[in-house]
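None of the figures in this text is laboratory data; all of them are computed from the coordinates on show. In this text, all values refer to a predicted model and were calculated from it rather than measured experimentally. So basically every Cβ, Gly included, is an ideal-geometry build from the backbone, and we count neighbours across all protein chains shown.
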């Protein structure tokens, strides 16, 4: 959130929340909202339709019931419903107490979960808000169940009461997820700036089913990633509470997710520190980078954040994508990932961007604008995303790779460009646009023509650079993984006695797509071979090469059909360090790689 003022004004108008958990065993919380000093007329209370860091609609009102209101004397007040998300309270005398029950059973970055082990609270999914009073100060009291040993982890401002916290306004309150549980806490400090003796406290709060030594080891890994990311920007952001809090729920009943917030982040997964600490670290790296990029270096299209409608921005390729580029890179620089593993991460993303047909329909800007349709959005009707969509996370990450390696050719780096953006946009929290980013790049490199070329080619258009040449500078080879190996198009198949049922849309320009086979069709025979297992396809393809033509029989919506199918080259790419191929790096390649991957 873009917040400039953190001083709570002295006034009689105030909003106070209280949340209790008397029926946590059935995933319910009881919430009380009191607002004092409101003018005459109806008071509009709403549940949000979306949440900071999410761009699609989630309709949180669906889990709210038993809504009623009184005045300070307990006299019932009338309520009307102008729409599904809003409750208007009438006939008050300047003070309203609103009560309701919340059902919540999804622990992730968007929703809330209440049970006997914790209260995992994403604020927009939990709390109604007074629609016309978003600038009023807020206080909230959390009432853990008696004997629960629940502690409170949050970025909200603490008070002299350990169960009561405050927020300067609605925006900060909604951006402040809170975990109540018997969690483990680790803390350490980082300097507030180069050479500064003042520090910020970093807190890691882990609610999990594992051991304390596992948390100790994980905290050491998180420390290293934090250190590497601070190096990129030269300093941490201003954390207004003096702290930054990682709130982690690693539980079998949690759902995998991560969500950035101004001075904290939510990390959730059903896997454990014992089995997947390195995998979980990726979300840590991604979300902490957002403390700079998104929370403070912020797209103008997301200001102010709209809690009542979908939020769309054409800069998600940068906001999410460039953050995704640095996600594994920071881990690699922290010496928690080797070059082979890093190359494998690049390989997966490069295959997606280079081989996906979605580039022909949308540029990275336009793909970013599709976020309301794909960002945890759900639809009952089938979608053709495999052919029309490339995640702005993935595409943006590879644009970041492209720009970083192009800049390093010229004696610059993406690290330095981010420090330039931090000075230009982040510190003063001046929202940016696509044109603003292009202008900043032009100033940074002192070359408007290069900036115009890059944005026209790779941002406004969907061109793909010569990644093989870019990576070769650092002693990495990008090549076909299976040269001279044919493919049908790697469809997702479910095998039955009748044949292979195509489970997902076939990809444009693949052999199956060209003959008209698509999702729901059943492939029965290829070259008179009955297709009843993946092995039958593998054995059949082993005796052929790209360009060969085979006969194929299939059932499409009850009709038996046949066609001539021409095999194509498997387009899958692999990225490998020279060392894996027995090749020696030149001194220039060694220096380039060290500067890039070690951050030297």
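Miscellaneous remarks
- Segments 56-65, 131-140 sorted - mean Cβ within 10 Å per residue, highest first: 131-140, 56-65
- Projected label points at residue 209 and residue 40, each 7 Å from Cα along the beta carbon direction, are separated by 5.9 nanometres.
- Cα long-axis angle, helix 273-289 against the chain (0 to 90 degrees, to the nearest 10): 80 degrees
- The convex hull built on the alpha-carbon positions of region 184-302 has an orientation-averaged projected area of 7.6 nm².
- Tilt relative to the chain, helix 339-355 - C-alpha long axis, 0 to 90 degrees, to 10: 80 degrees
- A full extension of the chain between residue 457 and residue 504 corresponds to an added length of 13.8 nm, given 0.36 nm per residue minus the alpha carbon distance.
- Highest average packing first - 298-310, 38-50, Cβ atoms within 10 Å: 38-50, 298-310
- Evaluating kT/(6 pi eta Rh) at 37 °C and 0.692 mPa s, with the Kirkwood radius of region 161-236 over Cα pairs in the Stokes-Einstein relation, gives 221 µm² s⁻¹.
- Beta bridges assigned by DSSP with both partners in region 184-302 are antiparallel in approximately 45 percent of cases.
- Rounded Å value of the spacing that divides the Cα centres of region 538-600 and region 91-158: 50 Å
- Stretching the chain fully between residue 548 and residue 433 yields a gain of 36.5 nm (0.36 nm per residue, less the alpha carbon separation).
- When the Cα convex hull of region 84-243 is projected onto planes of every orientation, the mean area is 12.6 nm².
- Between the labelled values (i) 26.6; (ii) 25.8; (iii) 25.1, the entry that holds Kirkwood radius over Cα pairs in Å as derived from this structure is (i).
- Taking the longest Cα principal axis of the chain as reference, the axis of helix 321-333 is set at about 80 degrees.
- Using a Förster distance of 22 Å, the FRET efficiency for residue 485-residue 533 (Cβ separation, nearest 0.05): 0.70
- By the helix-only formula, in which each DSSP H run with n ≥ 4 contributes -39500 (n - 2.57) and the sum is divided by residues, the chain has a 222 nm mean residue ellipticity of -8500 deg cm²/dmol.
- Kirkwood-based shape ratio for region 176-217, expressed as Rg/Rh from alpha carbons: 1.11
- Principal semi-axes in Å for region 486-569 [√(5λ), Cα gyration tensor, largest first]: 17, 14, 12
- For the listed peptides 14-23, 551-560, a ranking on the average number of other beta carbons within 10 Å per residue, highest first, reads 14-23, 551-560.
- The distance between label points at residue 255 and residue 525 comes to 4.6 nm (points 7 Å beyond Cα on the Cα→Cβ vector).
- With R₀ set to 51 Å, the beta-carbon distance separating residue 135 from residue 196 gives a calculated FRET efficiency near 0.95.
- Treating r as the C-beta distance of residue 409 and residue 354 and R0 as 35 Å, the FRET efficiency rounds to 0.95.
- Net length gained if the chain between residue 227 and residue 189 were fully extended (0.36 nm per residue, minus Cα distance): 12.6 nm
- Two numbers describe the Cα atoms of region 14-181: Rg and Dmax, which are 15.1, 43 Å.
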